[in-house]
C-alpha cells in the first residue's frame with residue numbers, strides 16, 4: 001500500500017500541470033463572476049428569514065386590527081410584548097451581522113466550518129424565537145377572547161353572528177379555531193424551516209463532525 | 001492602485017494555477033464542474049487577496065483558500081451528468097509510455113482516491129503535494145497526532161477499496 005501511495009505521489013507531482021492552462025484574460029474575467037458559495041446562500045436566506053416574520057406585522061391590514069377599542073389593558077400589554085419582540089429581533093440581527101463578518105476563508109477548515117455553523121445557529125435560534133412568539137401571540141389573543149368580550153367582538157363577522165348564535169358558543173368556537181389554527185400554522189412553518197436548514201448544511205455538518213470526532 | 005492589485009493577483013494565480021487545477025481534479029468529476037470550481041476558488045482567492053500580506057508564499061496561502069472552497073464553500077451539485085472521467089482519459093493517452101502494470105495500478109489508485117470523503121481527499125491531496133504533517137494539521141485545524149491517525153485510516157480505507 002505504501003509503495004502504491006508513493007507511486008501515486010510521484011505520478012501526481014509529475015503530471016500536475018496537465019490540465020489545459022488558463023490564460024491571463026480567462027482568469028481576469030473570473031474575478032468579476034458571481035460567487036455561488038454556501039456563505040452567500042446563507043446570507044440571502046438568513047436576510048429573508050430575518051425580514052419575513054416582520055413583514056407580516058408591518059402590513060397595514062394587520063396594523064389596523066392590532067388595537068381594539070374598549071380593551072385598553074389588552075392593547076397596552078400587546079404593546080409591551082411587541083416592544084420586547086423588537087428588542088430581541090434587533091439583538092439577533094446585530095449578532096447575526098457580527099458572526100457573519102467573522103467568517104474568513106483564511107481560517108483552517110475546521111474553524112471555517114465552525115464559523116459558518118455559528119452563523120446558522122444564530123438564525124436558527126432567531127427562528128425558534130419567532131415561532132415561539134407566534135405561539136405567545138396566539139395564547140395572548142386566546143386569553144383576550146376568553147376574558148374580554150371586546151376582543152371577541154373585534155373579530156370581523158362576529159358582531160353579526162352574535163345575533164344568531166349564543167355568545168358563549170361563539171367564544172368557544174373562536175378559541176378553538178384560533179388555538180388549533182395557530183399551532184398548525186406554526187408547526188408547518190417550523191417543518192419548512194428545519195427541512196431547508198438541514199438540506200443546506202448537511203454536507204458541511206458531516207465534514208465538520210468528521211474533523212470534530214478526531215479530536216475526541 | 002486597484003488595477004495594479006488586479007494585475008499582480010492575476011499574474012500570481014496564472015503562475016500558480018496548477019494548485020487550483022489539482023484541487024478541482026480531485027473534487028469534481030467532469031470538465032464543466034472542474035471549471036466551475038476553478039472559478040469559485042478564483043473568486044474566493046480574489047476576495048481574500050487584500051488580506052494576503054506576503055508573510056507566506058502565495059502558493060502556500062492558495063492551498064488553504066482552495067481547499068476551504070472545495071470542502072466547505074462550494075455547493076454546486078457534484079452529481080452532474082456522468083461523463084467519462086476525463087482525468088483517466090488524459091491518463092490513458094499518456095499511459096503508453098508506462099509499463100502496463102504500473103499504469104493499471106495508478107489508475108486503480110486514482111479511482112480509489114476519488115471515492116474518499118471530502119476531508120480524506122484533502123489529507124491525501126496535501127500528502128501528494130509533499131506537505132508535512134504540521135502543515136496538514138494547520139490547514140485542516142486538527143492536531144498532528146490526529147493527522148497521523150487519519151492518514152493510517154485512509155490507507156486502510158484505500159486498501160479496502162483496492163482489494164474488496
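Read-outs throughout are calculated quantities, based only on the coordinates presented, and are distinct from any laboratory measurement. The shown structure was predicted, so the numbers you read here are calculated from the model rather than taken from an experiment. Cβ coordinates were reconstructed from backbone atoms using ideal geometry, including for glycine residues, and neighbour counts include every protein chain displayed.
Under the definition of partner shielding as Cβ atoms of other protein chains within 10 Å of a residue Cβ, what is the mean value for peptide A:35-48? Intermediate values should be presented prior to the final figure.
On the way: counts 10, 8, 11, 5, 4, 3, 2, 1, 0, 0, 0, 0, 0, 0.
Average neighbour count from other chains, rounded to a whole number: 3.
Is there a simple number for the mean count of other chain Cβ atoms within 10 Å of the Cβ of residues in B:5-17, and what is it? Don't skip to the answer; put the middle values down first.
On the way: counts 0, 2, 2, 0, 3, 9, 3, 1, 6, 8, 0, 0, 6.
Across B:5-17, the average partner-chain Cβ count within 10 Å equals 3.
Place a label point 7 angstrom from the Cα of residue B:115 along the Cα-to-Cβ direction, then list the residues of the stretch A:4-32 whose backbone nitrogen is under 18 Å away.
Only A:4-5, A:8 pass the distance filter.
Which distance in nm do the two modelled labels at residue A:129 and residue A:13 give, with both placed 7 Å along the Cα-to-Cβ direction?
The two pseudo-label positions are separated by 5.4 nm.
Report the calculated FRET efficiency for residue B:157 and residue B:31 (r = Cβ-Cβ distance, R0 = 25 Å), to the nearest 0.05. Kindly include the intermediate steps, with their values, before the conclusion.
Working: r = 27 Å, r/R0 = 1.10.
For R0 = 25 Å, the calculated efficiency reads 0.35.
Round to the nearest 0.05 the FRET efficiency obtained for residue A:34 and residue A:117 when R0 = 22 Å and r is the Cβ-Cβ distance. All intermediate terms of the calculation are to be shown ahead of the outcome.
Numbers: r = 24 Å, r/R0 = 1.09.
Computed FRET efficiency for residue A:34 and residue A:117 comes out at 0.35.
Arrange the peptides A:82-95, B:128-141 so that the one whose residues have, on average, the most other Cβ atoms within 10 Å appears first. List each step's numbers first, then the result.
Values: A:82-95: 13.5, B:128-141: 17.4.
Result, highest mean first: B:128-141, A:82-95.
Before rounding to the nearest 500, sum -39500 (n - 2.57) across all DSSP H runs of length at least 4 in the protein assembly as shown and divide by the residue total; then give [θ] at 222 nm in deg cm²/dmol.
On the way: 17 runs with 293 residues, N = 380.
After summing the helix terms and dividing by residue count, I get -26000 deg cm²/dmol.
Fewest Cβ neighbours within 10 Å first, please rank B:125, A:147, A:129 accordingly.
Numbers: B:125 25, A:147 12, A:129 16.
The fewest-first ordering by Cβ neighbours comes to A:147, A:129, B:125.
Please work out the C-alpha center-to-center distance from the stretch A:89-127 to the stretch B:1-50 and express it in whole Å.
Value for the Cα centre distance between the two parts: 26 Å.
Using 0.36 nm per residue, how much length does the chain from residue A:148 to residue A:172 gain when fully extended, once their Cα-Cα distance is taken away? Let's see the in-between values first.
On the way: separation 24, 0.36 × 24 = 8.64 nm, distance 1.30 nm.
Roughly 7.3 nm would be gained on extension.
What distance in nm separates the simple spin-label points at residue A:91 and residue B:3, each placed 7 Å from Cα in the Cβ direction?
5.2
Just rank A:194, B:38, fewest to most, by other beta-carbon atoms within 10 angstrom.
Details: A:194 13, B:38 23.
So the ranking, lowest neighbour count to highest, is A:194, B:38.
From other protein chains only, count the Cβ atoms within 10 Å of every residue's Cβ in A:173-183, then give the mean.
Details: counts 0, 0, 0, 0, 0, 0, 0, 0, 0, 0, 0.
Taking all residues of A:173-183 together, the mean is 0.
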